[in-house]
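Reviewing the structure listed below.
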Amino acid sequence: MLFLAAPKIYFPLFSFLFLMAVFFPLLTVYIMHKNKLISSITIPKRKERLPVLALVIIYYSMTYYIFRYWNTTLLNLLHPYLSFLFAGLILLLLLALITLKWKISIHAASIAALTGGMAALTFIAQPIINLKQIFFVNAVLLIFIGMVSFSRMYLKAHSATQILAGISLGFSLAFIVVFNQLYI
């Protein structure tokens, strides 16, 4: 819908989103590793995850704030994205709080949150979307949850409990927030 309504801003918006949500967090981890602030790029130690999560929360907060501002100038076309960003921000805050005491799989929580948000979007936009296409996307995302979870166990980065907790938290939180189109 956004692409159809405003094709000239579609690419810049998603380029900005990619920079803030993917590139800068990865760059931050790389810089922290090079400066020996974290022992490994994989951040295996629970306590080393906290500063990284704090910086990612800052990146997501800035992205969320900017998208909220743009949403008012673009006739609320970014409304669905705001609920996704808000769910991601809440998820990061909860993951940081949990990480204070326990190591939870951030990878599993993240891919499950994307899947939960897309599943919720399927219910919301059902009359106006291509159901075959969205079914395929949701199926692929479910497969990704399995692949990410398997890889975390195979690499011995997490226990099954840590992975299941991440999946449960990520999926349910994103589904509820996106289904109800919540954001502040």
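The values are calculated or read from the model by the stated rules, or taken from the named source; none is laboratory data. What you are looking at is a predicted structure, and each value in this text was computed from that prediction instead of being measured. Don't worry about glycine lacking a Cβ; one is built from the backbone with ideal geometry, like all the others, and counts go over all protein chains shown.
All of (1) over 13 Å from the mean Cα position of the chain (by Cα); (2) closer than 22 Å to LEU50 by Cβ; (3) buried (at least 21 other Cβ atoms within 10 Å of the Cβ) hold for LYS103 with one exception: (3). For LEU82, the stated conditions do not hold, so it cannot be described as surrounded by 20 or more Cβ atoms within 10 Å (Cβ to Cβ), under 24 Å from ALA120 (Cα atoms) and either in contact with a strand residue (DSSP E or B) (Cβ under 7 Å, 6 or more places away or on another chain) or at pLDDT 95 or above (or both).
Looking at (1) assigned to a helix (DSSP H, G or I); (2) surrounded by 12 or more Cβ atoms within 10 Å (Cβ to Cβ); (3) not charged (D, E, K, R), which is the only condition PRO44 fails? Going through (1) assigned to a helix (DSSP H, G or I); (2) surrounded by 12 or more Cβ atoms within 10 Å (Cβ to Cβ); (3) not charged (D, E, K, R) one by one, PRO44 breaks only (1).
Being outside any helix (DSSP H, G or I) and more than 30 Å from LYS45 (Cβ to Cβ), is that true of even one residue in the range 134-155? The answer is no; no qualifying residue exists. Within the range 60-79, the set of residues being crowded, with 19+ Cβ neighbours inside 10 Å and either part of a helix (DSSP H, G or I) or out of contact with any helix residue (DSSP H, G or I) (no Cβ under 8 Å at 6 or more places or on another chain) (or both) comprises TYR60, THR63, TYR64, PHE67.
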